[in-house]
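Undergrad: Dropping the structure in here first, questions after.
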Amino acid sequence: MNKLLLSAAIAALSTGASAQTIGFSQIGSESGWRAAETTVTRQEAEARGIDLRFSDAQQRQENQIAAIRSFVAQGVDAILLAPVVATGWDSVLEEAKEAEIPVVLLDRRVDSADDLYLTAVGSDLVHEGEVAGQWLVDNKPEGTCRVVELQGTTGSSPAIDRATGFRNAIEGNAEIEIARSQTGDFTRSGGKEVMESFLQAEGGGDDICALYAHNDDMAIGAIQAIKEAGIDPGDDILIVSIDAVPDIFQAMAAGDANATVELTPNMAGPAFDALAAYMADGTEPEKFIQTESTLYTQDDDPMGEYEARKDLGY
Ligand code: AHR
């Protein structure tokens with residue numbers, strides 16, 4: 001931000017003359033986690049008196065690019081972007097930078113130069129995969145363990161990084177092998193459909209020891225497919241996934257799922273705080289504001305965790 005714009009922003013804030021207007025380009029609503037992120041972002045904006053302009057891209061990068069261009073044309077004070085895929089953002093981020101509109105990335109990363117955005121709020125996505133993989137290393141049954149993997153949206157940073165992290169964790173354990181890996185696009189229906197094909201290809205499921213799903217929604221779809229095949233999820237096939245949505249805690253309480261790694265849906269709180277400090281006096285945030293990745297298992301009071309989350313917009 002140049003000095004003129006910065007002093008204008010400070011003046012506006014100190015007189016209370018104008019509320020901030022912030023554009024939010026959201027990916028869509030592919031998962032319970034995504035729905036909760038949208039709800040929490042709206043709540044955090046309302047609590048701060050921010051005028052939030054929301055755009056749902058329905059999973060398409062071109063819609064996100066159009067939304068950012070529209071926010072730039074509207075002259076918003078800042079933009080939040082949850083990028084559906086990691087590549088292809090340079091031009092539009094340069095346009096926002098030229099217009100001196102700070103962009104904050106939420107929950108996913110881009111491969112653009114980091115001077116094209118103010119900061120990124122999110123978890124360490126490789127670490128999430130490592131936590132999931134380490135849980136399997138520590139809890140697998142004796143002998144060879146053939147794992148099937150439901151990947152997230154192809155080309156998205158969580159799909160890339162959660163795959164890498166899991167492989168980092170199981171590397172060196174000769175008994176664990178990834179037998180099959182395919183995208184379920186972070187959706188319940190995708191998880192169910194792909195799990196059905198995995199079961200068919202793997203002796204009706206007898207040859208599968210564990211499922212690693214890049215999110216809970218795909219795991220929940222897969223659990224349905226496993227039950228329909230007459231197999232006991234959580235026992236015959238271990239289930240480990242990521243997000244910590246309420247429904248996975250219900251599945252854990254029922255013994256159908258084993259472990260999940262939490263991803264907080266509150267990315268907007270730290271993003272708005274960073275933007276407020278930047279707007280107030282030009283304070284530059286760290287380039288990466290990291291959220292926690294906590295592991296939950298069946299031993300961690302799953303119904304209590306369900307109750308704590310069930311009204312949060314998932
Ligand atoms: O980018 C975060 C991922 O996107 C969540 O784990 C998944 O549920 C969502 O769709």
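Please treat every number below as a calculation from the coordinates, not as lab data. As the structure is a prediction and not an experimental result, all values here were calculated from the model. Here the Cβ positions follow ideal geometry from the backbone for every residue, glycine too, while neighbour counts run over all protein chains shown.
Undergrad: For Thr183, list long-range residues whose amide hydrogen, built 1.01 Å from N in the peptide plane, is under 5 Å from its own amide hydrogen.
TA: Gln151
Undergrad: What's the long-distance tail for region 74-144, i.e. % of Cα pairs beyond 14 Å?
TA: 66 percent
Undergrad: Once you order the gyration tensor axes a ≥ b ≥ c over the Cα atoms, which shape class does region 192-314 get: rounded for a/c under 1.5, otherwise prolate or oblate by comparing a/b with b/c?
TA: prolate
Undergrad: Also: Can you list residues whose amide H is under 5 Å from Gly234's amide H, if they're 5+ apart or on another chain and H is modeled 1.01 Å from N?
TA: The list, which skips near neighbours in sequence, is Ile239.
Undergrad: Let me ask you something else. Hey, in the GNM for the chain with a 10 angstrom Cα cutoff, which one of Gly88, Gly165, Gly184 fluctuates hardest?
TA: Largest GNM mean-square fluctuation: Gly88.
Undergrad: Could you work out [θ]222 nm for the chain from helices alone, using -39500 (n - 2.57) per DSSP H run of at least four and dividing by all its residues? Round to the nearest 500 deg cm²/dmol.
TA: One gets -14000 deg cm²/dmol as the mean residue ellipticity at 222 nm.
Undergrad: Would you work out the charge dipole size for region 107-226 about its Cα centre, treating the Cβ of every Lys and Arg as +1 and the Cβ of every Asp and Glu as -1, and quote it to the nearest 20 debye?
TA: 200 debye
Undergrad: For a quick size check, give me the Cα extents of region 122-263 along its three principal axes, largest first, whole Å.
TA: 38, 32, 28
Undergrad: Hey, got a sec? Which GluC sites (Glu not before Pro) in region 147-200 land in a DSSP loop and have at most 16 other Cβ atoms within 10 Å?
TA: Glu171, Glu175
Undergrad: Computed over the Cα atoms of the chain, what is the convex hull's projected area averaged over all directions, in nm²?
TA: Taking the Cα atoms of the chain, their convex hull projects to 15.8 nm² on average.
Undergrad: Among all lysine pairs in the chain that are eight or more places apart or on different chains, how many have alpha carbons less than 23 angstrom apart?
TA: Lysine pairs, 8 or more places apart or on different chains, close enough: 7.
Undergrad: Take every Cα-Cα distance within region 62-196, group them into 10 Å bins from 0 onward, and report for each bin the whole-number percent of pairs it holds.
TA: Calculated P(r), rounded to whole percents: 12, 34, 27, 17, 9, 2, 0.
Undergrad: Which of rounded, prolate or oblate describes region 118-187 when judged by the alpha-carbon gyration tensor and an a/c cut-off of 1.5?
TA: Because a/c hits 1.5 or more and a/b fails to exceed b/c, region 118-187 counts as oblate.
Undergrad: What span do the alpha-carbon atoms of region 195-255 cover on each of the three principal axes, reported in whole Å from largest to smallest?
TA: Sorted largest first, the three principal extents are 31, 21, 17 Å.
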